[in-house]
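Structure, as structure tokens:
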Amino acid sequence: MVTDAIPRTAGTNDGHANFGRLLTAEWTKLRTVRSTAWSFAALIIAVIGFTALIIFLRVQSWSQMTTADQAQTRLDPVPQILGSGLLLGQLAVCVLGVLVASSEYTTGMIRSTLLAAPHRLRMLAAKCIVFTIPVLIIGEVLSFASYGIGKSILASKVHTSLSDPHVTRAVIGEGLYLGVLGLFALAIGQLIRHTAGAITTVIALVLVIVPLAQLLPGNIGKHVSAYLPTNAGQQIMQIYPKDQILSAWQGFGVFGLWTAVLLAIAAWLLVKRDA
Amino acid sequence: MIEVKDLVKRYGETTAVDHLTFTVEPGRITGFLGPNGAGKSTTMRLILGLDRPTSGTALIDGMPYRSLPDPLRYVGALLEAKAVHPGRTAFNHLLYLAQTQGVPKSRINEVLDLVGLSAVAKKRTKGFSLGMGQRLGIAAALLGNPRLLILDEPVNGLDPEGIVWIRNLMKQLAAEGRTVFVSSHLMNEMAVTADHVVVIGRGRLIADTAMDEFIARYAENVVLVRTPQTEKLREALNGLGATVTSQQDGALLVNKTEAAAIGELAAANGVVLHELSPQRGSLEEAFMELTREDVQFHGPAGIPTGPASGAAQGGGA
């Protein structure tokens, strides 16, 4: 039985594992562990659930809100709608992004993977593509869905529409933000190679470091905080730039740059380090 | 064929592999022996491109592992019992590996049958015993029908039936003309499996020889002789070309000579014998003696010296 020849499919002799095959293999890896389904379920529930809940509570407590708050919501409702589901929802993307890379190391599976795909950069590239595409698709769907839900709950108090200036960009931007955030977390998982340590690091970068930076005195604090990865990235969901330092796309570009640099370091170390 | 040339791997101050050179030829089983911590696994990881050598090369059919097209079709490797995600089923673990090489799905069922895991193919591997994990690792190694197999301690965790199974499998694979390179820290296991043996200790090459030759050299018969006329017998034996070593209690250990020949020699010279007993030197003891200085983790007590220690010295180790 061992001697049976295995038919070779076309394009096998290009010197390295064929990239299309690596994509297929990474997709198999992603869909055959439970953490993927759980993380996407958590993402969907958190984004839709919290958007509905928080906007509903806001409408319920409308009469108790200060006139200034009411005016703020009327003037700029989109970030409130998008932000209410994102705060927790983004953590699911962070956890999944870390796991996709770090679980290879914590389970020892990386050795099986690298024996099959010894060209490590191709393997990492395939992993990034295969993970980012579903996050982007689900992110965009969730983004439009949560905007629609928030908008209809808020309709009795505030009117907003995708045709208002910059609103479409902000809504599309939330999906893009989640896609880049997934890559950002994947890069950190690949760098740190331990699930717990990597998740802690990502959550610190996403949730903790921003308020800390704002404690820095005056202008310095403002500038540092504006350039922090997720703060910069979330500019794309703003209709009016928050701090006048980075525009929507500039901020998103800064977030992309952070991610690209982390990925480059992770890739360099992946090639250099022993597996 | 595997060619290891002047291979060195250092981790900080520690030298795990120290200027190692050897080749592994196709069509036979080459045993890779050494005490725990001798650098066997590190050497295998260097051959497989998982670790980078500090210097030197390890080539597979003239190429570094990382340059092999569809490497699983060239080389099948078993490194640790569990290089798998515990939450994934056995079938899906093999599926993603097969997909990277363009190996058809039907082959997955073939190798699962071959290792006897078909019944648990759809089970998550977290419930697998050590032996089942080992079988799954062997299934992964055979997936690409490779010409070369690198197996790190494959009998680990296997029950006696599993051990016989893996021995026969390795013999079958070698008989088909494949290269089989298998590590072990158990000399006796290798003595019944391997055709050729590469012995290392503390990362250095100690022996690279045919198994038969290794056995003949290190586990030859030794005869224990007691006589009141020690000097006379020793002279006579030296005349025959035998190697003679004295024990502390006055007994002699004689190598390279049959007991009968010693008895006849004694009679011819009028030497009285009080004892004449052949001692079968154990291969395991010979191996321990050979690698003693290179063992990294000694037990608290010294290794007891048996008659075989004389054999090893007499053999010119």
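The values are calculated or read from the model by the stated rules, or taken from the named source; none is laboratory data. As the structure is a computational prediction, the values presented were derived from the model and not from experiment. Note that each Cβ is placed from the backbone with ideal geometry, even for glycine, and that neighbours are counted across all protein chains shown.
Miscellaneous remarks
- Criterion violated by B:ALA207 - all others in (1) in a strand (DSSP E or B); (2) in contact with an Asp or Glu (Cβ under 9 Å, 6 or more places away or on another chain) satisfied: (2)
- Hey, B:ILE47 buried (at least 22 other Cβ atoms within 10 Å of the Cβ) and farther than 21 Å from A:MET123 by Cα or not: no
- Here B:GLN101 meets the list (1) away from every other protein chain (no Cβ under 11 Å); (2) buried (at least 24 other Cβ atoms within 10 Å of the Cβ) almost entirely, failing just condition (1).
- Residue within the stretch A:2-11 that is under 30 Å from B:ASP113 (Cα atoms), buried (at least 22 other Cβ atoms within 10 Å of the Cβ), within 12 Å of chain B (Cβ to nearest Cβ) and modelled with pLDDT under 95 present: no
- Matching residues, the stretch B:223-241, being of a type in the set (Asp, Glu) and in contact (Cβ under 8 Å) with a residue 60 or more places away in the chain: none
- Residues considered: B:GLY116, B:GLY37. Of these, the only one that is closer than 26 Å to B:GLU161 by Cβ and surrounded by fewer than 19 Cβ atoms within 10 Å (Cβ to Cβ) is B:GLY116.
- Among the candidates A:LEU121, A:LEU75, A:LEU88, residue that is within 17 Å of A:VAL206 (Cβ to Cβ) and either within 14 Å of another protein chain (Cβ to nearest Cβ) or surrounded by fewer than 22 Cβ atoms within 10 Å (Cβ to Cβ) (or both): A:LEU88
- Single unsatisfied condition, B:ALA77 versus (1) part of a helix (DSSP H, G or I); (2) over 23 Å from A:LEU23 (Cβ atoms); (3) of a type in the set (A, V, I, L, M); (4) within 7 Å of chain A (Cβ to nearest Cβ): (1)
- Of the candidates A:LEU99, A:LEU115, the single residue that is touching a strand residue (DSSP E or B) at 6+ places or on another chain (Cβ under 6 Å) and within 14 Å of another protein chain (Cβ to nearest Cβ) is A:LEU115.
- Restricted to the stretch B:104-198, the set of helices (runs of 4 or more DSSP H) holding at least 3 residues that are more than 13 Å from chain A (Cβ to nearest Cβ) comprises B:130-142, B:160-175, B:187-193.
- Any hit, the stretch A:137-148, residues being assigned to a helix (DSSP H, G or I), among the β-branched types (Val, Ile, Thr) and surrounded by fewer than 17 Cβ atoms within 10 Å (Cβ to Cβ): yes
- Candidates in the stretch A:220-275 are the residues that are in a loop (DSSP other than H, G, I, E, B) and within 14 Å of another protein chain (Cβ to nearest Cβ); of these, the one that is surrounded by the most Cβ atoms within 10 Å (Cβ to Cβ) is A:ALA275.
- The set of residues in the stretch A:43-75 that are β-branched (Val, Ile, Thr) and part of a helix (DSSP H, G or I) comprises A:ILE44, A:ILE45, A:VAL47, A:ILE48, A:THR51, A:ILE54, A:ILE55, A:VAL59, A:THR67, A:THR73.
- Here B:ASP70 meets the list (1) over 16 Å from B:LEU205 (Cα atoms); (2) more than 14 Å from chain A (Cβ to nearest Cβ); (3) among the acidic types (Asp, Glu) almost entirely, failing just condition (2).
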